Amino acid sequence: MGKIHGRKVQVVTLHQDGPQLKLLLLQTSVKRGSFWQNVTGKVEKGEALLAAAIRELQEETGIAAQLISLNYQFEFRNHWNEQVEEHGFLCLLKSPGPPEIKLDPLEHLSYRWVNTHQIRMNYYAFPTNFTCFQKAMEIIVSSGEVK
């Protein structure tokens, strides 16, 4: 494609409460377009991808959790027309009731938990966000965690 000018991470955050599995979606700020997405963020210089994903999840939601790689990465051009590489991760939370979410109002307007059976491409502004969700669901289903 071209020279990579930055790396990002994306975290598909799922919550399981009994048989119900829900996806966390964050609405970006007005300045960023007010669209819905998974947790995303930049990888700092010298930072490992997994460490960046864990940090971004905690900074953007207040959730401290272990993550696993989706073994999915893609490249895109950002709004400065720079080539960026993004890596996907999965966070699966299991507890009665969803965890409390603490948003940074400078980055996000709102959040919602959506039943995974309802998620379609049109929930996202970018196809790669939907693909990350699909990869996460493949891992969950193949592990036998959820049917």
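Apart from one condition, Leu26 fits all of (1) in contact with a Phe, Trp or Tyr (Cβ under 7 Å, 6 or more places away or on another chain); (2) over 18 Å from Thr131 (Cα atoms); the exception is (2). Of all the residues in the stretch 50-85, those that are within 17 Å of Leu26 (Cβ to Cβ) and among the aromatic types (Phe, Trp, Tyr) number 0. Condition check for Leu106 on (1) surrounded by fewer than 17 Cβ atoms within 10 Å (Cβ to Cβ); (2) under 14 Å from the mean Cα position of the chain (by Cα): one failure, at (2). Under 8 Å between Cβ atoms, at least 6 apart or on separate chains: pull out the pairs that start in the stretch 32-59 with a residue that is more than 20 Å from Val114 (Cβ to Cβ) and polar (S, T, N, Q) and end on any residue that is surrounded by 20 or more Cβ atoms within 10 Å (Cβ to Cβ) and at pLDDT 95 or above. Correct list of pairs: empty, since none qualify.
From Glu56, Glu107, Glu75, Glu100, grab the single residue that is modelled with pLDDT under 95, acidic (Asp, Glu) and within 18 Å of Cys132 (Cα to Cα). Spell out the reasoning first.
Details: Glu56 fails: modelled with pLDDT under 95; Glu107 fails: within 18 Å of Cys132 (Cα to Cα); Glu100 fails: within 18 Å of Cys132 (Cα to Cα).
Exactly one of Glu56, Glu107, Glu75, Glu100 is modelled with pLDDT under 95, acidic (Asp, Glu) and within 18 Å of Cys132 (Cα to Cα), namely Glu75.
The values are calculated or read from the model by the stated rules, or taken from the named source; none is laboratory data. Keep in mind the model is a prediction, meaning the values are calculated, not measured. Don't worry about glycine lacking a Cβ; one is built from the backbone with ideal geometry, like all the others, and counts go over all protein chains shown.
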